[in-house]
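Written below as structure tokens is the structure these notes are about.
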């Protein structure tokens with residue numbers, strides 16, 4: 001006679017008609033083990049009673065076609081964003097850089113231009129950044145460092161609004177922010193175009 005309850009393996013063997021003599025003897029004397037064996041029988045019967053869901057055998061061509069179409073659309077979207085971001089970065093770099101270096105714009109006009117460019121880059125970064133893709137560790141580190149530097153510059157710009165500083169200093173801060181944001185957008189675009197399909 002067994003002085004312990006039957007294990008699940010022993011109960012399964014009893015259910016399938018292969019239990020040992022000791023297990024069968026224990027089962028005859030133990031209400032708990034008989035109840036557990038009955039639950040196993042009920043589960044098996046319930047599983048057998050489930051209606052089979054027919055699996056369509058001809059779905060692969062439709063799944064493949066949908067996947068190929070999605071990849072193709074993704075490439076076109078990616079190419080559009082990559083081209084747009086690259087063109088925007090190039091135009092802004094030429095326009096703002098030459099204006100700052102030549103001194104052709106007034107200080108306030110240059111400042112307004114830098115602020116506007118910064119807003120455009122923020123918007124572009126939001127659009128590009130919504131695509132969550134896998135990236136390598138070096139790209140992730142570069143993006144994190146750029147975001148940290150942008151946060152430092154943003155803090156300096158905010159302090160400049162409280163503590164009066166010269167227009168030239170504020171312009172330099174906004175110029176640095178634009179430069180960092182352009183690098184950040186470029187990093188995101190290169191990451192997406194490298195990892196994307």
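For the reader, a short list of remarks on this structure follows.
- Any hit, the stretch 104-122, residues being assigned to a loop (DSSP other than H, G, I, E, B), touching a helix residue (DSSP H, G or I) at 6+ places or on another chain (Cβ under 9 Å) and either at pLDDT below 60 or not assigned by TED's automatic domain parsing to the domain that holds residue 186 (or both): yes
- Residue in the stretch 166-197 that is surrounded by the fewest Cβ atoms within 10 Å (Cβ to Cβ), counting only those that are assigned to a loop (DSSP other than H, G, I, E, B) and either at pLDDT 80 or above or under 31 Å from the mean Cα position of the chain (by Cα) (or both): 197
- Single unsatisfied condition, residue 163 versus (1) modelled with pLDDT under 70; (2) in contact with a helix residue (DSSP H, G or I) (Cβ under 7 Å, 6 or more places away or on another chain): (2)
The values are calculated or read from the model by the stated rules, or taken from the named source; none is laboratory data. Keep in mind that this is a model prediction, so the values were computed, not measured. Neighbour counts are summed over all protein chains in view; Cβ atoms, including those assigned to glycine, are modelled from backbone coordinates with ideal geometry.
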